[in-house]
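Notes follow the structure.
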Amino acid sequence: MTEKTNNTHIAFIGLGNMGGPMAKNLLKHGYNVTVFDLSEQAQQQLADAGANTSSSPQEAVKGAQVVITMLPASKHVKTVYLGDAEANELTSQGLLSDLPSGTLVIDSSTIDAAEARKVAKIATAKGIDIVDAPVSGGTAGAEAGTLTFIVGGEDSAFNRAEPILKAMGKNIFHAGSSGAGQVAKICNNMLLGILMSGTAEAINLGVKNGLDAGVLSEIMLQSSGRNWTLEVYNPYPGILEQVPSSRGYTGGFMSQHMHKDLHLALQAAEDIGVEVPMGAQATALYDEHVKQHNEKDFSSIMAHFDSSVLNQS
Ligand code: NAD
């Protein structure tokens, strides 16, 4: 357990694959952290690391100067900040109704830019500083504290958020005003979905032609097919250690989240009449894939080409 050396009190809501390790890094930097998640097990892991736990988002934010959320999708962010009468009773009242002015809100979930702007408008009207700050770098980056934060919001809110984000990340970009972080993030993830699908397709072509997946990966890594998925997140089991494909596609970035991000990108493109044919192809693959593999890491798209990989790790 780390001694609390920083007077800033942070409420952290959403302790999943990403939020859990991110909150742990705030504790390591001496912040006073109070957590909330619908999962008691997730809360217990943070309690073991030295966080205060709470029984609702409202209780978590009591006395906090900063609120950070790391939730699955737009609807969860909307429920937590704006409320939702049909939601779980713990989250039925939105936080923005009673957060004091002067609070800093950082939402690191990947959500619809329009939804991020809507929440930001309501927060700003109440004197709350707010940034959208989605991340890149995966669970390994969350654990190592090396995430890339892509931030949208006013300069004043960005300046307040930056030192806190540095406790969880290495590269902090200010992409522009509210929602800009989300736009940059979905451009990145559309490309990631395309790269992961293309890498899986290429490896499968080689393997079905008698090549060894590891040898082929190494060749492409040292050739012009080199990309992030080959380098640090190979979708074929047993090539890289400590990646989801080598542990049954568990942990990591769930296919349902990649599917959500691809649809956010397609929607953003449709809204302004921009063509995204490669993004549309990757989306079609994930549309099929999530029917059976919603909770498996997104690299399990490998199984679309070769279902035997599901039994290899
Ligand atoms: P996750 O599904 O593992 O975790 C989400 C957590 O939020 C869960 O623990 C869930 O219980 C909790 N939650 C849901 N609704 C809640 C509520 N109303 N109140 C409190 N807690 C609630 O997801 P994740 O992989 O940690 O991803 C979180 C966000 O980060 C997503 O938007 C995802 O797209 C994005 N992201 C993920 C990765 C990755 O590699 N996993 C990388 C970059 C960005």
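The values are calculated or read from the model by the stated rules, or taken from the named source; none is laboratory data. Because the structure is a prediction, the values reported are computed rather than measured. Here the Cβ is made from the backbone with ideal geometry for all residues, glycine too, and neighbour counts use every protein chain on show.
Summary table
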{"read-out": "Subset of segment 137-159 (residues that are farther than 14 Å from Ser108 by Cβ, in contact with a strand residue (DSSP E or B) (Cβ under 8 Å, 6 or more places away or on another chain) and either within 15 Å of the ligand (Cβ to nearest atom) or touching a residue at least 60 places away in the same chain (Cβ under 8 Å) (or both))", "value": "Thr146"}
{"read-out": "Failed criterion for Lys121 (all others in (1) within 25 Å of Gly94 (Cα to Cα); (2) touching a Gly at 6+ places or on another chain (Cβ under 9 Å) hold)", "value": "(2)"}
{"read-out": "Members of segment 94-114 that are part of a loop (DSSP other than H, G, I, E, B), among the small types (Gly, Ala, Ser) and either within 13 Å of the ligand (Cβ to nearest atom) or under 22 Å from the mean Cα position of the chain (by Cα) (or both)", "value": "Gly94, Ser108, Ser109"}
{"read-out": "Single residue of segment 258-313 satisfying the filter (in contact with a strand residue (DSSP E or B) (Cβ under 9 Å, 6 or more places away or on another chain) and of a type in the set (Asp, Glu)) that is surrounded by the fewest Cβ atoms within 10 Å (Cβ to Cβ)", "value": "Glu295"}
{"read-out": "Gln222 of a type outside the set (Gly, Ala, Ser) and touching a strand residue (DSSP E or B) at 6+ places or on another chain (Cβ under 7 Å)", "value": "no"}
{"read-out": "Unmet criterion (only one of (1) charged (D, E, K, R); (2) at pLDDT below 95; (3) under 18 Å from Leu191 (Cβ atoms)) for Arg226", "value": "(2)"}
{"read-out": "Out of Gly225, Gly206, Gly214, Gly210, sole residue that is assigned to a loop (DSSP other than H, G, I, E, B), of a type outside the set (Asp, Glu) and either surrounded by 14 or more Cβ atoms within 10 Å (Cβ to Cβ) or within 24 Å of the chain's Cα centre (by Cα) (or both)", "value": "Gly225"}
{"read-out": "Filter result (closer than 17 Å to Met18 by Cα and within 12 Å of the ligand (Cβ to nearest atom)) within segment 169-181", "value": "Gly169"}
{"read-out": "Any hit, segment 140-163, residues being in contact with a His (Cβ under 7 Å, 6 or more places away or on another chain) and of a type in the set (A, V, I, L, M)", "value": "yes"}
{"read-out": "Scope segment 263-301; condition farther than 17 Å from Thr199 by Cα and under 16 Å from the mean Cα position of the chain (by Cα); matching residues", "value": "His263, Leu264, Ala265, Asn294, Glu295, Lys296"}
{"read-out": "Single match in Met278, Met258, Met302 (criterion: more than 15 Å from the ligand (Cβ to nearest atom), touching a residue at least 60 places away in the same chain (Cβ under 8 Å), in a helix (DSSP H, G or I) and under 30 Å from Ala114 (Cβ atoms))", "value": "Met278"}
{"read-out": "Scan of segment 13-45 for residues that are near the ligand (Cβ under 10 Å from one of its atoms) and within 16 Å of Gln65 (Cβ to Cβ), ordered by number", "value": "Ile13, Val35"}
{"read-out": "Wholly enclosed strands (runs of 3 or more DSSP E) of segment 115-180 bearing at least 3 residues crowded, with 22+ Cβ neighbours inside 10 Å", "value": "129-132, 147-152"}
{"read-out": "The lone exception for Ile194 - which of (1) outside the structural domain of Leu262 (by TED's automatic domain parsing); (2) assigned to a helix (DSSP H, G or I) it fails", "value": "(1)"}
{"read-out": "Selected residue [among the β-branched types (Val, Ile, Thr) and over 22 Å from Ser255 (Cα atoms)] from Val183, Val151", "value": "Val151"}
{"read-out": "Residue match in segment 77-91 (condition: among the hydroxyl-bearing types (Ser, Thr, Tyr), at pLDDT 95 or above and buried (at least 23 other Cβ atoms within 10 Å of the Cβ))", "value": "yes"}
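So that you can scan it fast, the table gives a plain yes or no per residue for (1) surrounded by 16 or more Cβ atoms within 10 Å (Cβ to Cβ); (2) closer than 30 Å to Gly176 by Cα:
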site: Gln45; (1), (2): yes, no
site: Ala51; (1), (2): yes, no
site: Ala73; (1), (2): yes, yes
site: Pro100; (1), (2): no, yes
